[in-house]
Amino acid sequence: MQPKILIVDDQPLVLGILSEILSCGPYHVLAAESAEEALQLLEGESVDVVISDERMPGMQGSEFLTIVRNKYPQVVRIILTGHASVESAMRVAP
């Protein structure tokens, strides 16, 4: 069975590029354009890894990944950002 990766980013170009790159590997790739859409998707899909952008309208990636950590503790979480800060990293730690 292929590991499932969920990519969450409000920029369709980023979603497309990451999906294309990861689809070359032995992964099943899912995509969502918002944290809210991703949470709905997670209710019906079991995933192994979630990759999320930090800066998105509605819900920040760190807030989204905190929810993922609490509801799905077995899921590996990765945050992407072009605006790194210690504060945002600490919000999604452990």
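Relative to its residue count, region 13-67 spans a Cα convex hull of 79 Å³ per residue. What's the long-distance tail for the chain, i.e. % of Cα pairs beyond 22 Å? Tail of the P(r) past 22 Å holds 21 percent of the pairs.
Available extension along the chain between GLN74 and ASP48 is 8.6 nm, counting 0.36 nm per residue and deducting the alpha carbon span.
Roughly what percent of Cα-Cα pairs across region 5-44 reach past 14 Å? The answer is 42 percent, as a whole percent. Estimated from the Cβ-Cβ distance and a Förster radius of 30 angstrom, the FRET efficiency linking HIS28 and GLU63 is about 0.70.
Each reported figure results from applying straightforward, stated rules to the coordinates on display, with no laboratory input. Please read these numbers as outputs of a predicted model, since none were measured by experiment. Neighbour counts run over all protein chains shown; Cβ positions are idealised from the backbone, glycine included.
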